[in-house]
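The values are calculated or read from the model by the stated rules, or taken from the named source; none is laboratory data. From a predicted model like this one, the values you see are computed outputs, not experimental measurements. All Cβ positions, glycine included, derive from the backbone under ideal geometry; neighbour counts span all protein chains shown. All accessible areas refer to the heavy atoms of the entire protein, side chains included, with ligands and DNA or RNA removed. Shrake-Rupley method; radii C 1.70, N 1.55, O 1.52, S 1.80 Å.
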Amino acid sequence: MAVATVMPLPLEAWKPLRKKPLPAGRPREWYVSHNRHLKAMRLAIALLDSGVYTASGADDETIRATARDLDIRPPSDTTCRMVRSLIRSAH
């Protein structure tokens with residue numbers, strides 16, 4: 001019978017990654033879309049961590065309240081739809 005053991009990760013694994021500058025020369029829409037995706041991912045992770053596991057539980061007000069708790073600017077309706085899409089695809 002095989003026994004699984006859980007090995008703790010070294011502390012270095014929990015350090016935040018060093019931010020790299022975004023590539024220059026892209027159209028403005030690319031940067032807007034990229035930053036919107038990052039914001040939606042941060043909000044989706046925070047909602048999942050707080051116990052919101054379904055897209056129906058993540059209405060616009062819940063998402064915006066989570067953004068306030070994280071000191072993130074209020075997301076647009078488009079970003080709220082992206083958050084729900086990410087939560088939906090997580091399951």
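Scanning region 29-44 for residues that are surrounded by 15 or more Cβ atoms within 10 Å (Cβ to Cβ) and not charged (D, E, K, R), we see that the one that is farthest from Lys19 (Cα to Cα) is Ala44. In region 57-80 there is at least one residue that is modelled with pLDDT of 95 or more, open to solvent by less than 60 Å² (accessible area, probe 1.4 Å) and not in a helix (DSSP H, G or I).
Cβ-Cβ distances below 9 Å connect no pair with a first residue in region 48-77 that is at positive phi, a second residue that is open to solvent by 50 Å² or more (accessible area, probe 1.4 Å) and among the charged types (D, E, K, R), and a separation of six or more residues or different chains. Taking the stated definitions as given, is Pro8 outside any helix (DSSP H, G or I), at negative phi and either open to solvent by less than 80 Å² (accessible area, probe 1.4 Å) or at pLDDT 95 or above (or both)? The answer is no for Pro8.
Among residues of region 45-56 being in a helix (DSSP H, G or I) and open to solvent by 30 Å² or more (accessible area, probe 1.4 Å), the one that is farthest from Pro23 (Cα to Cα) is Ser56.
Here Pro23 fits the description: open to solvent by less than 80 Å² (accessible area, probe 1.4 Å), modelled with pLDDT under 95, of a type outside the set (D, E, K, R) and in a loop (DSSP other than H, G, I, E, B).
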